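J.: Let me give you the structure first, and then I'll get to my questions.
Here, each number is a calculation from the coordinates, and none is a lab measurement. Computed from a predicted structure; not experimentally measured. So basically every Cβ, Gly included, is an ideal-geometry build from the backbone, and we count neighbours across all protein chains shown.
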Amino acid sequence: RPDSGTMVMAEGTAVLRRNRPGTKAQDFYNWPDESFDEMDSTLAVQQSECHPDTCTQMTATEQWIFLCAAHKTPKECPAIDYTRHTLDGAACLLNSNKYFPSRVSIKESSVAKLGSVCRRIYRIFSHAYFHHRQIFDEYENETFLCHRFTKFVMKYNLMSKDNLIVPILEEEVQNSVSGESEA
């Protein structure tokens with residue numbers, strides 16, 4: 001069905017193509033509207049199981065309790081609140097003209113801010129992996145979001161390999177550290 005606007009991948013998953021073949025240049029960014037109910041996001045998926053009364057702290061393994069940086073003095077937050085605060089803070093920072101005035105390049109002084117945001121976002125993936133594994137696996141199998149995020153932080157050296165505790169890219173991470181390509 002070439003005119004249906006879907007592409008079938010090897011696994012049989014249908015993917016909506018934003019710009020169909022033959023799209024004119026002036027219409028290239030006129031993507032079909034999606035209601036918020038239909039949009040999956042890490043937060044939307046996680047809040048079905050991650051509640052303040054069950055996940056009272058932001059943890060991944062038992063080794064660390066992560067403090068929320070959204071407060072004047074960093075403090076413990078329930079995991080779902082930490083997630084909301086972190087994603088809100090990341091959006092504000094990344095849209096800040098002070099730290100990221102260009103969409104093309106990043107000032108050297110802002111790279112550290114980007115690394116800090118990436119570490120906090122990765123903690124959300126870690127929490128989901130270690131505490132909500134079924135949801136994590138289902139979402140990851142559909143979106144590969146943690147996989148893609150991990151590749152991004154490794155490519156641009158935004159996080160230490162030691163902090164990447166979700167065992168998702170072990171072979172690829174080893175290859176990128178040793179300088180080999182995936183091909």
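J.: So, in region 62-96, how many residues would count as being among the basic types (Lys, Arg), over 17 Å from residue 132 (Cα atoms) and under 16 Å from the mean Cα position of the chain (by Cα)?
T.: Looking only at region 62-96, we keep the residues that are among the basic types (Lys, Arg), and these are 72, 75, 84.
Checking the rest, the ones that are also over 17 Å from residue 132 (Cα atoms) come to 72, 75.
So of that shortlist, the ones also under 16 Å from the mean Cα position of the chain (by Cα) come out as none.
Within region 62-96, residues that are among the basic types (Lys, Arg), over 17 Å from residue 132 (Cα atoms) and under 16 Å from the mean Cα position of the chain (by Cα) number 0.
J.: Could I ask something else about it? Can you pull out every residue in region 111-133 that is more than 14 Å from the chain's Cα centre (by Cα) and under 16 Å from residue 79 (Cβ atoms)?
T.: Passing the criteria: 130, 131, 132, 133.
J.: Tell me, which residue of region 94-124 that is among the aliphatic types (A, V, I, L, M) and in a helix (DSSP H, G or I) is surrounded by the most Cβ atoms within 10 Å (Cβ to Cβ)? Walk me through it before giving the result.
T.: Here is the first cut: in region 94-124, the residues among the aliphatic types (A, V, I, L, M) are 94, 104, 106, 111-112, 114, 117, 121, 124.
Now restrict to residues that are in a helix (DSSP H, G or I): 94, 111-112, 114, 117, 121, 124.
Details: 94: 13, 111: 14, 112: 11, 114: 18, 117: 19, 121: 20, 124: 26.
Out of the qualifying residues, it is 124.
J.: Go over the candidates 130, 149, 144 one by one and state the one that is without any contact (Cβ under 8 Å) to a residue 40 or more places away in the chain and surrounded by fewer than 17 Cβ atoms within 10 Å (Cβ to Cβ).
T.: Values: 130 fails: without any contact (Cβ under 8 Å) to a residue 40 or more places away in the chain; 149 fails: surrounded by fewer than 17 Cβ atoms within 10 Å (Cβ to Cβ).
Result: 144 is the single residue among 130, 149, 144 that is without any contact (Cβ under 8 Å) to a residue 40 or more places away in the chain and surrounded by fewer than 17 Cβ atoms within 10 Å (Cβ to Cβ).
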